[in-house]
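Single-structure report; data block below.
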Amino acid sequence: MTATTPALEFSTTYSSTPVPAQRRAQILADPGFGSTFTDHMITATWTPEGWHDAGLRPYAPLSLDPATAVLHYAQSVFEGLKAYRHDDGSVWAFRPEANGSRMLKSTARMALPSLPAESFVEAVDLLVRTDAEWVPSGGEASLYVRPFMFASEVFLGVRPAQHVTFCVVASPAGPYFSSGVKPVDIWLSSEYTRAAPGGTGAAKCAGNYAASLVAQQEAIEHGCGQVCFLDAVEGRWVEELGGMNLYFVRADGSIVTPELTGTILEGVTRDSIITLAGDRGYKVEERRISIDEWRDGVESGDITEVFACGTAAVVTPLGRLVWDGGEVSTGDEPGPVTQEIRQALLDVQYGRAADAHGWMHRVV
Ligand code: COI
């Protein structure tokens, strides 16, 4: 399908059994991450004739035949974005069109149909607007929106599915890491890689996350919260964490992030930080950074802070980098540049700072 695919029309069926207001208030008081969901969801179906049956409906389990293709071959992509409540009660999504465009790239790589970016944004708008009472206020809470698309054809042959489902669900969210903004320790994976040239590293596909889990398990066994992957060819260049991009703050005031090589996810938060840091006068370099530069830079003091970023975890300071046989540490407290960038991004998202780049999209 091409970019000329007509936009979808969404029907609406409201839930007759929404979560009672008192229970919702309890959930919103301490939402955690990713375990409770709002009253509605969006679904749409694609078959070779095009997209159809798009609509908002009550949140409910999906019923899948055991032979549904996604369960066997993981033809599936997803997105993550957040909606924020501002002090005046209005609700805003952050750069939803950027997620819509990225989903188009992911679906192209995974031989899934194109969903027009405008329909992606409309689906997000409709769900967030309908379930606006689920957008928490205060602190750093938000509504995490999870659009995804998967092969729903009941068929065990290995080929692109001829029946595909697009779905959007939403989940009230507090901090991704229960420890808050304390530095997270990182395990350097030497046995496993995340993505190879020509592979799916730049796509936000389910399989990339599945492939990271054994290394993530190794990280936990070594007392670390996250795993870092190196490139698959030389085992030398820093790529990304299991689900977040990386930034290095140097003593000369510059900031470095691994360049996009086709094996790294094009993070919307990563991109926003390049712009925000530039606005604040930092020199931002997108280039390859080797694991030796990371290790030696921390030891020599040339690298003063390391942080990770993503929609779910915003900007998260990193502490120790641990590998088989050693470790270096940038400290137990978030560094000043990490905190400044984190605050600058949150201030735009929560409407406390001017939205100089037109990133905020009003929903309610
Ligand atoms: C996000 O930050 O939205 C992610 O994709 C990370 C994760 C929760 C999968």
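Structure notes:
- Qualifying positions in the stretch 75-96 - away from the ligand (no atom under 16 Å from the Cβ) and in contact with a strand residue (DSSP E or B) (Cβ under 9 Å, 6 or more places away or on another chain): GLN75, ARG85, HIS86, SER90, VAL91, TRP92
- Matching residues in the stretch 143-178 - criterion: being assigned to a loop (DSSP other than H, G, I, E, B), away from the ligand (no atom under 15 Å from the Cβ) and open to solvent by less than 20 Å² (accessible area, probe 1.4 Å): SER152, ALA161
- Among the residues of the stretch 79-112, those identified as farther than 17 Å from GLY358 by Cα, of a type outside the set (A, V, I, L, M), open to solvent by 10 Å² or more (accessible area, probe 1.4 Å) and assigned to a loop (DSSP other than H, G, I, E, B) are ASP87, ASP88, GLY89.
- Qualifying residues in the stretch 23-37 (those that are more than 18 Å from ALA312 (Cβ to Cβ) and open to solvent by 40 Å² or more (accessible area, probe 1.4 Å)) - the one nearest to the ligand (Cβ to nearest atom): ALA29
- Residue among ALA232, ALA206 that alone is touching a residue at least 12 places away in the same chain (Cβ under 8 Å), out of contact with any Gly (no Cβ under 6 Å at 6 or more places or on another chain) and within 16 Å of the ligand (Cβ to nearest atom): ALA206
- Residues that are among the hydrophobic types (A, V, I, L, M, F, W, C), more than 19 Å from LEU112 (Cβ to Cβ) and loosely packed, with under 15 Cβ neighbours inside 10 Å within the stretch 46-72 comprise just one, ALA60.
- Residue in the stretch 4-11 that is without any contact (Cβ under 8 Å) to a residue 24 or more places away in the chain, β-branched (Val, Ile, Thr), more than 16 Å from the ligand (Cβ to nearest atom) and open to solvent by less than 60 Å² (accessible area, probe 1.4 Å) present: no
- Boolean, ASP53 is under 30 Å from GLY139 (Cα atoms) and of a type in the set (D, E, K, R): no
- Any hit, the stretch 285-294, residues being among the hydrophobic types (A, V, I, L, M, F, W, C), within 30 Å of MET360 (Cα to Cα) and at pLDDT 95 or above: no
- The stretch 12-22, subset surrounded by 10 or more Cβ atoms within 10 Å (Cβ to Cβ) and free of Cβ contacts under 8 Å to residues at least 24 places away in the same chain, residue farthest from ALA173 (Cα to Cα): PRO18
- Filtered residues of the stretch 122-142 (kept if open to solvent by 10 Å² or more (accessible area, probe 1.4 Å) and either under 26 Å from PHE177 (Cα atoms) or in contact with a strand residue (DSSP E or B) (Cβ under 7 Å, 6 or more places away or on another chain) (or both)): LEU126, THR130, ALA132, GLU133, SER137, GLY138, GLY139, GLU140, ALA141
The values are calculated or read from the model by the stated rules, or taken from the named source; none is laboratory data. Bear in mind the structure is a predicted one, so any value in this text is a computation, not a measurement. Glycine also receives a Cβ, built like all others from the backbone with ideal geometry; neighbour counts cover every protein chain displayed. Side chains included, ligands, DNA and RNA excluded: accessible areas come from the protein's heavy atoms. Shrake-Rupley method; radii C 1.70, N 1.55, O 1.52, S 1.80 Å.
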